[in-house]
Amino acid sequence: MYPFTLEQPTTLADAAQLAAGGAKLLAGGQSLLASMKLRLSAPGRLADISAIKELSGIRRDGNALVIGAMTRHIDVAGSAEVKAAIPALAQLAAHIGDRQVRAMGTLGGSVAHNDPAACYPSAVLGLGASVHTTQRKIAADDFFQGMFSTALLDGEIITAISFPLPKRAAYIKFNQPASRFALVGVFVAQTGSGVRVAVTGAANGVFRHRGLEDALNRSFSASAAAAVAIDASELNADLHASAAYRANLISVLTQRAVTQMLA
Ligand SMILES: Cc1cc2nc3c(=O)[nH]c(=O)nc-3n(C[C@H](O)[C@H](O)[C@H](O)COP(=O)(O)OP(=O)(O)OC[C@H]3O[C@@H](n4cnc5c(N)ncnc54)[C@H](O)[C@@H]3O)c2cc1C
């Protein structure tokens with residue numbers, strides 16, 4: 001790890017000022033500190049945002065669930081509010097990494113980092129959520145821009161994410177057994193504007209599968225999902241799984257999600 005200075009702002013205004021001055025935000029540290037230890041990243045100045053009270057917490061706002069960016073995975077997993085409103089989101093959080101990762105990792109950190117195998121981006125995209133920042137509100141469809149890339153500008157801080165309540169939703173992930181990231185994960189939601197299917201782990205970033213969405217909008221059944229051919233040509237292939245294997249997982253996990261939602 002290279003040397004750095006650590007700031008610990010207690011207000012969002014102070015954090016925004018530090019970020020605007022080039023400080024790198026430190027949330028749960030589960031991705032950032034690992035990359036610094038490996039010397040893949042060398043920020044000279046960190047701003048630890050964990051003491052900013054307004055960034056944490058879970059609340060209902062009409063037909064949406066608003067979760068603060070610094071809310072830890074463990075708190076989303078255990079929240080009675082989340083379990084009642086969007087049980088699939090609590091389930092997703094409960095199966096991120098291991099106990100330590102869930103105790104430290106945060107919703108905002110996960111979404112800002114946008115690891116192509118992370119779980120939360122699929123929920124944000126699948127539920128058609130909005131990302132609230134210090135500067136604006138960004139629709140999920142515009143937020144994720146490929147591997148480790150988002151619409152966030154330099155110095156922009158995610159403050160919360162607003163998840164519209166779906167009629168039903170499910171997230172099914174096939175774990176990469178060593179890391180527990182998604183080898184493939186599929187988030188299916190029946191929303192007011194139709195079915196949304198978001199896939200993580202399979203490509204260079206989370207994406208919606210329009211073929212599955214169209215089929216499930218016509219007939220919300222596992223057999224309708226099974227009839228959709230999944231194109232493997234743009235999917236990842238690595239030592240863990242071929243592109244064809246990932247394509248098959250997208251189909252199978254979508255069918256399982258639909259079956260779970262219909263149960
Ligand atoms: C062993 C292991 C297993 C894991 N398994 C999974 C898994 O199964 N599923 C999964 O989804 N994830 C998994 N993760 C990742 C985990 O969820 C991380 O917590 C997450 O990716 C990053 O969140 P963080 O709070 O730790 O962010 P940090 O590491 O602190 O920050 C990550 C990046 O986001 C930026 N950032 C942080 N907060 C904000 C904000 N509010 N606004 C703007 N930018 C911000 C930081 O500057 C940094 O660039 C795993 C991690 C590990 C180490």
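Data overview
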read-out: Leu153 within 23 Å of His95 (Cα to Cα) and surrounded by fewer than 24 Cβ atoms within 10 Å (Cβ to Cβ); value: no
read-out: Condition check for Val195: part of a strand (DSSP E or B) and within 14 Å of the ligand (Cβ to nearest atom); value: no
read-out: Options Gly57, Gly21, Gly28; residue that is within 20 Å of Thr134 (Cα to Cα), touching a Ser or Thr at 6+ places or on another chain (Cβ under 6 Å) and of a type outside the set (Lys, Arg); value: Gly28
read-out: Leading residue by the ranking (nearest to Val76 (Cα to Cα)) among those in region 108-120 that are touching a Gly at 6+ places or on another chain (Cβ under 8 Å) and not in a loop (DSSP other than H, G, I, E, B); value: Gly108
read-out: Subset of region 14-69 (residues that are surrounded by fewer than 12 Cβ atoms within 10 Å (Cβ to Cβ) and more than 23 Å from the chain's Cα centre (by Cα)); value: Gly21, Lys37, Leu38, Arg39, Gly44
read-out: Region 53-70 residues that are more than 16 Å from Thr10 (Cβ to Cβ), paired with ones that are in a loop (DSSP other than H, G, I, E, B) (beta carbon under 7 Å, 6 or more apart); value: Ile58/Thr71; Ile58/Ser79; Asn63/Leu165; Ala64/Leu165; Leu65/Ile86; Leu65/Leu165
read-out: Candidate set from region 75-123 (those that are within 12 Å of the ligand (Cβ to nearest atom) and among the β-branched types (Val, Ile, Thr)); member that is surrounded by the fewest Cβ atoms within 10 Å (Cβ to Cβ); value: Val101
read-out: Positions within region 130-150 being part of a loop (DSSP other than H, G, I, E, B) and farther than 25 Å from Ala51 by Cα, in sequence order; value: Gln145, Gly146, Met147, Phe148, Ser149
read-out: Odd one out for Thr159 among (1) surrounded by fewer than 18 Cβ atoms within 10 Å (Cβ to Cβ); (2) of a type in the set (S, T, N, Q); (3) within 9 Å of the ligand (Cβ to nearest atom); value: (1)
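Bear in mind these aren't lab numbers, they're just calculated from the coordinates by the rules spelled out. If you're wondering where the values come from, they're calculated on a predicted model, not measured in any experiment. For neighbour counting, all protein chains shown are included, and Cβ atoms are generated from backbone atoms with ideal geometry for every residue, glycine included.
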